[in-house]
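*Asks:* Dropping a structure here in structure tokens format, bear with me for questions.
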Amino acid sequence: MKVILRQDVPDLGTTGDTVEVKNGYGRNYLIPRNFAILATKANLKAIGEIEKQRVIQEKKLRRGAEIIKDKIEKLSLSKEMLVGEEEKLFGSVTSMDIVEMLEAEGITIDKRMIQLEEPIKALGVYTVPVKVDKELTASIKLWVIKKS
């Protein structure tokens, strides 16, 4: 069965692609959930409109991601932490802490967007990457300082 995808479907294709799927998968999953339509002659002509809509949507998402990236890169966050002997932190700075600091600045993001390999456990200045979009990554400057 040939279908035209109306949305991106993981492991199958992107919006506007014409793909060959098994009858049951198309009839029972893709079409009822509005992920795809049958690939008839009329629908193949309409694919151009679907493609235009996808391009417009991608541009909007990209513009929004660039705005968030600019806001994030202008920030310099600082986190006061209690420190023990040898300048070691009591606890650590995690991606959730960074999300909370960003929310205090008016930027709401998901904690999975912060690409912190491991929690920060020492004083210093860190550059933390934040994946805003598939291709856009912003950097936050994070100062971990001693609490007085």
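*Asks:* Is it the case that some residue within the stretch 56-68 is over 24 Å from Asp8 (Cβ atoms) and assigned to a helix (DSSP H, G or I)?
*Replies:* Looking through the stretch 56-68, none of the residues is over 24 Å from Asp8 (Cβ atoms) and assigned to a helix (DSSP H, G or I).
*Asks:* When you scan the stretch 82-104, how many residues do you find that are within 17 Å of Ile68 (Cβ to Cβ) and surrounded by 14 or more Cβ atoms within 10 Å (Cβ to Cβ)?
*Replies:* 5
Okay, residues lined up against (1) acidic (Asp, Glu); (2) assigned by TED's automatic domain parsing to the domain that holds Lys60; (3) out of contact with any Lys or Arg (no Cβ under 6 Å at 6 or more places or on another chain):
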site: Glu86; (1), (2), (3): yes, no, yes
site: Thr94; (1), (2), (3): no, no, yes
site: Val130; (1), (2), (3): no, no, yes
site: Ala138; (1), (2), (3): no, no, no
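*Asks:* Let me ask something additional. Looking at the stretch 111-131 only, could you name the residues that are farther than 19 Å from Met81 by Cα and modelled with pLDDT of 90 or more?
*Replies:* Hits for the stretch 111-131 are Arg112, Met113, Ile114, Gln115, Pro129, Val130, Lys131.
*Asks:* So which of Ala65, Ala46, Ala104 is in contact with an Asp or Glu (Cβ under 8 Å, 6 or more places away or on another chain) and of a type in the set (Gly, Ala, Ser)?
*Replies:* Numbers: Ala46 fails: in contact with an Asp or Glu (Cβ under 8 Å, 6 or more places away or on another chain); Ala104 fails: in contact with an Asp or Glu (Cβ under 8 Å, 6 or more places away or on another chain).
That would be Ala65, the only listed residue that is in contact with an Asp or Glu (Cβ under 8 Å, 6 or more places away or on another chain) and of a type in the set (Gly, Ala, Ser).
*Asks:* Now for a different question. Is it true that Leu75 is touching a residue at least 40 places away in the same chain (Cβ under 8 Å) and surrounded by 11 or more Cβ atoms within 10 Å (Cβ to Cβ)?
*Replies:* For Leu75, the condition - touching a residue at least 40 places away in the same chain (Cβ under 8 Å) and surrounded by 11 or more Cβ atoms within 10 Å (Cβ to Cβ) - is met.
*Asks:* Quick check on the stretch 34-47. Is at least one of its residues assigned to a loop (DSSP other than H, G, I, E, B), surrounded by 17 or more Cβ atoms within 10 Å (Cβ to Cβ) and within 27 Å of the chain's Cα centre (by Cα)?
*Replies:* Within the stretch 34-47 (the criterion being assigned to a loop (DSSP other than H, G, I, E, B), surrounded by 17 or more Cβ atoms within 10 Å (Cβ to Cβ) and within 27 Å of the chain's Cα centre (by Cα)), the answer is yes, since at least one residue qualifies.
*Asks:* Going through Arg27, Arg62 one at a time, which residue ends up being basic (Lys, Arg) and under 15 Å from Val132 (Cβ atoms)?
*Replies:* That would be Arg62, the only listed residue that is basic (Lys, Arg) and under 15 Å from Val132 (Cβ atoms).
*Asks:* So which residues in the stretch 115-136 are in contact (Cβ under 8 Å) with a residue 24 or more places away in the chain and within 12 Å of the chain's Cα centre (by Cα)?
*Replies:* Hits for the stretch 115-136 are Val130, Val132, Asp133, Leu136.
The values are calculated or read from the model by the stated rules, or taken from the named source; none is laboratory data. Remember, predicted model here, so these are calculated numbers, not experimental data. Ideal geometry is used to build each Cβ from the backbone, glycine not excepted, and the neighbour counts take in all protein chains shown.
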